[in-house]
Each structure stands twice: as structure tokens, then as C-alpha cells.
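FYI, it's all coordinate maths here, none of it is from the lab. These numbers were taken from a predicted model, which means no experiment stands behind them. Glycine gets a Cβ as well: all are built from the backbone with ideal geometry, and neighbour counts include every protein chain shown.
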Amino acid sequence: MALLQIAEPGQATAPHQHRLAAGIDLGTTNSLVATVRSGKAETLPDAQGRHILPSVVRYTPEGVVVGEEAQAAAAKDPLNTIVSVKRLIGRGIDDIRSLGSRLPYEFTRQDTAVPRIRTVAGDVSPVEVSAEILKVLARRAEESLGGELSGVVITVPAYFDDAQRQATKDAAQLAGLNVFRLLNEPTAAAVAYGLDHEADGVHAIYDLGGGTFDISILRLNKGVFEVMATGGDSALGGDDFDRALAEWIMRQAGIADDADHHLLRRLMRDARAAKERLSETGQAELDIELGDGNRWQGSIDRETFHGLVDPLIRKTISACRRAVRDAGIDRDEIRDLVMVGGSTRMPRVRELVGEFFAAEPRVDIDPDRVVAIGAALQADVLAGNKPDDEMLLLDVTPLSLGIETMGGLVEKIIPRNTTLPVARAQEFTTFKDGQTAMAVHVVQGEREMVSDNRSLARFELRGIPPMVAGAARIRVTFSVDADGLLSVEAEELSQGVKARVEVKPSYGLTDDEVANMLRASIDHAEDDMATRKLAEERVEAQRVVEALGAALAADGDQLLQPEERQRIDAALGDLQQAAAGDDADAIRKAIEDLEKTCEFYVERRMNNSVRKAMAGHKVDEFE
């Protein structure tokens, strides 16, 4: 009798069997899950046939509600209904309050910098809220596919920093998911459009969602997808268009800025509905419930709406201009302009962005689904279902990474826009004689001085053998994985002692900070170089002063006549006085003058050392 080969759903019985995997678009406004079935990527619906899951979580005494039902309760229960949590993930509470939007939540401070939101079900963090959304999507995928997922690819904005990426991974782990990789949303969109199978060239991916904006310039070259440059704003999206319209309604209706949470939620809901109508018609009627039986009625035309949102759209175009400049290309080199995200349905967005790139936007795939579809295709590859697929996706670092050196200077180890994954090493040495430990300060940014950049982490390397200054060799290695997460290792090469840190800051950069860091690096380039030169000369002066001081203390009285010592002390005083000033050239000249003054003393010290070494030996012993 022949035997059937029987296996549990989703469990491989042979190495070539299809493994279950999914791509998840964890969006600010809406989220989706997609998979590859029968060679085709498709988004998966829930039991009611709905593909889109609103990224809304409501906490009640009875439990947690996610999606449509939670969204319907947002206006009547704003304190316990969390919307747009993606704007909060990976941020500290001070960063959140600097976003400029009025959030209808009560935040509680804990011992850590991670904010927690007070609800009737207890305090929750943005990571926990995001995990609830991921659980629903994972359950939907497993029910649709009839088995357990081997892993997922989750998309994130290209401009997410290390803290925001790590927080997304933490949310997935909390949801019980194995994350194959975090994938930049614009790259996922390019994969969904099949740009990886077209002729080599440069493509622009414009991704404007509910709460985040990304622009990525990609180059396809012989099967390798390389992100040439990225830009964007992780706190700019359709929510801001809704808020601009809601604030206009408040001014027209005479609603005070300190209106209650329920009215604010209703205003945001009504503003969003009016925005969507204006994409189809030239005018939208407004009927606003003010409470206590009062209402306000009015209308807004498309021209007035454009006046409200054009500054926001032009803000995205400024980021596009920077990305094109960073990529080192001309706009006419871009073959395709792909539009991603629900907010790109607005005709005004397509119009202004199309004008900037002088290209017709590609919108033939549903902008809400395109990212999830691209993530599903990549998940299928990473699950091992397409071993012959040669698609290779290379992302880049958004900001430079380096360490602090003497004088408060930054030594960049990995420059911004370096292709990921990447590992770079650089050797450093000790500053003082007998130094047995070294503090390593990891920083992020484009400026020359540590004080002008962002501190990521600090750790110490101990156990360095005591040597004279400059003799020790310490190799510092920076490694950034495909998800954009950083680890730093320091190793003393003669003894092999090591210290390592995985950089997981408790909160991320605000968008203004990122933009300001890039802008400041350009605006202050000349001043920064002058500041760096001054700092380097001061460090060198300090080294010379300390080395000479140690030498004089050891044998100055034996090797120098009083008048010789006076000349050296005078030159040493001149250097110390110059080092206290702000003239780098004067410090360099004082160092050179001191070295020239000390030439005879250095020669005597060398001769003295040779005599001591040869004492008791014959010359032929050294031949």
C-alpha cells in the first residue's frame, strides 16, 4: 500500500517545500499584511473581507480592541483609544511633546525615557500598542494560510532612526513574530512595482502616508537595488493635512484652542472626510457637531484647501530636493516616480510632486497596498522559497556615525548615506603614559564637534597594558546590520581585550533635529573646519607640553644648564599662552618654535639613553 506524506499545515516535510512568510506594512493610519501564494503577492483580508486594518487600538476594562471597532470609538473614548502610535514609537516624552500636535492622551513618566499612556486597562507603551496591531495581522495571516508563519518582513520609514527601528523590532518580538528583516518602505514599493526586473536606472519613491513621509532615490544596477539617498520626515503626513483643515474649521466656527478631547477627535474625523471629498469634487460641505446640541455649518473649496496644505506638500518637496542633491544626480536622470501611501491620492500632491520631478507619477498599484506587497515578495525570498532569486536590497545610513576623540572632536567611522549592511574599523591609541582604560563615546551627526552632534552610547575598554602614550593599538569597529541597527566594539590588539555595546537609545531623534543636523553641517561647514583645526592644535599642544614636562622632570636638571633651561621654559610658556588663545596658526607656530628650541635637549637625551644601554657591553655585541 502506498503511503501518503502527511504534515501539519505550514510545516515543511522537505527542504524545497514552501515556507509560510508574510510582509507587514505597519502604517501610521492603516496597516496591512500580504503574502505570496501561487507566485503572486496579495494582501490578506479579514473575515469581513476588509484588507485594510486601521492602526487604532482601544483599551477597555474587558480587553483590547483593534481596527475598525476601535476607530469607531475614537471620538467618544479618546483617552483610551490610541491612534497614529507610529508617531510615538521610539521617542521620548519630550520628543513627543515637541511634535507640535495636541495629543488627547495622558502620559505618565516612569524611571525610563520611554513614555507610557494611561488607560483604563493600565499604562501602556507605544511598543505594546504596536504589538497589538501586529498580533491581529499575524493572526489574520496564519488563519488565511492555515499554518504558523516562519517569519515576517516589517516595513519602516527610511528615515526611522536606530531607536525607532529597534522599538519596531521589540513590538514584533512582543507579538511573537520572527522578524526576517526590517525593510524601508520606499524600497518595498520599488520591489512591488517590479522595478528590480526592469532595465538598470535611477528611480524615485515618494511615500506620503498618514503620519510619515519618505523620499528615496534608488539605483538598480545588475540586479542590485542600492539606496543612493534618503530623506523625509517621520512626523509629517495626511494627519497633518487633516489637522490643518481642522484648525481652519476651529477658526471659522470660533472654537477655542483648549476644546475638549471629544470635540477635537470629531473635528479630525470630519476634516479627514472633507479632505477625501475634495479629492473628488471642487467643494465640500461641513456640518460640525459642537456639543450641547449646537452645530456649525459651512463649506470649503479646493482652492482654500490648497492654501492650507501647500506649505506641507512643499516641505516634502524640499526633502526631495535634498535627496536628489545627496544622490549626486540630476532630476532628469530619474526614470520612474512611484507614488506610495494613501495621502498620494490627493490630486494636489501628485500635481506638485510631478512638477518638481518633471515626470508622470506611477499610481497603477493601490498606494495603500503597494508597501505590503513589496514586503511580502521580500519575505518570500528570505524564507527560502525563491533560492534562485537574485534580488539584493541595499539601504543606507541616514546620518554619519563616529566616536569622540581628544579635544571634543568627532572622528567619523561610517559617513552618512553609506550602503548597509556595513562594518568599518579604525585604529586609535592612548593619550597618556600608562593609560589602562579608554572611554568610547559613540555619536551621530554631521558636525565636527561632539557638542553639536547626538550622543548614542558610552562604554569603557579596560585592561589595556600600560605603555607609553601612543604605543597602544585600539581597534574600534562599527557594524550596522541590514535593519540599520548599530553595534560598536573596541579591542586592544596586543592582549585581545574587548568591550562591546549594542546601541539601543531609549528614544529617537525628532524630525526637526535630523533636519537641523543636516542643515547645520552645511551652514557651519567653514566654521566647523576652523573649530576642528583649533581643537586639533590644542590637543597637539597639550601632548607636547605633557611630554616635555615629563622629560624635564626626569633628567632636565642633569642635562641642561640654567640658561638652557630658561630658554626652554620661555618657549614652553609661549606655547601654553598660545594654546589658551583662539588662533590655531599661532599654536602651530609656538609648537614648532618649542620643538626647534628643544632640538639640542632631545639629542642629549637620545645620546644619554644610548650610553646607558651600552654600559657594560662591547661595541661588537651590537653588530
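Here are a few things to note about the model shown:
- Modelled FRET efficiency - R0 22 Å, Asn178 with Glu143, Cβ distances, 0.05 increments: 0.80
- For a label point 7 Å along the Cα-to-beta-carbon line of Glu276, residues of segment 57-92 with backbone N under 14 Å: 68-69, 71-72
- Label-point gap, in nm, between Asp310 and Ala439 - each point 7 angstrom along Cα→Cβ: 5.2 nm
- Dipole magnitude for segment 136-231: computed about the Cα centre from +1 point charges on Lys and Arg Cβ and -1 point charges on Asp and Glu Cβ, it is near 100 debye.
- Two-site label geometry, Lys432 and Arg335: point separation in nm, points 7 Å out along Cα→Cβ: 5.9 nm
- Efficiency of FRET from Cβ geometry, Ser451 and Ala259, R₀ 35 Å, rounded to 0.05: 0.25
- In order through segment 169-182: 3J(HN,Hα) via Karplus (6.51 cos²θ - 1.76 cosθ + 1.60), integer Hz, x for Gly, Pro: 5, 4, 5, 5, 4, 5, 7, x, 9, 8, 8, 5, 5, 8
- Report note on the peptides 235-246, 362-373, 291-302: ranked by the mean count of other C-beta atoms within 10 Å, highest first, their order is 235-246, 362-373, 291-302.
- Added length on full extension, which subtracts the Cα-Cα distance from 0.36 nm per residue, Asp583 to Thr477: 34.7 nm
- Cα coordinate range in segment 264-385, projected on the principal axes (Å, largest first): 59, 38, 23
- Full extension of the segment from Asp569 to Arg295, taken as 0.36 nm per residue of separation minus the current Cα-Cα distance, would add 90.0 nm.
- Fully extending the segment from Gln576 to Thr405 would add 59.5 nm, taking 0.36 nm per residue of separation and subtracting the current Cα-Cα distance.
- Computed from the C-beta positions of Glu351 and Leu79, the FRET efficiency with R₀ = 51 Å rounds to 0.85.
- Applying the Karplus relation 6.51 cos²θ - 1.76 cosθ + 1.60 with θ = phi - 60° to segment 292-306 yields 3J(HN,Hα) values of 6, x, 8, 9, 10, 10, x, 8, 9, 9, 5, 5, 5, 4, 4 Hz, where x marks Gly and Pro.
- Each residue, Ser609 and Gln48, gets one label point 7 Å from its Cα in the Cβ direction; the gap between the two is 8.2 nm.
- Amide hydrogen neighbours beyond the local backbone of Ile82, cut-off 5 Å, H modeled: Val57, Arg58, Tyr59
- For segment 31-36, the Karplus equation 6.51 cos²θ - 1.76 cosθ + 1.60, evaluated at θ = phi - 60°, returns couplings of 10, 9, 10, 9, 8, 9 Hz by residue, with Gly and Pro reported as x.
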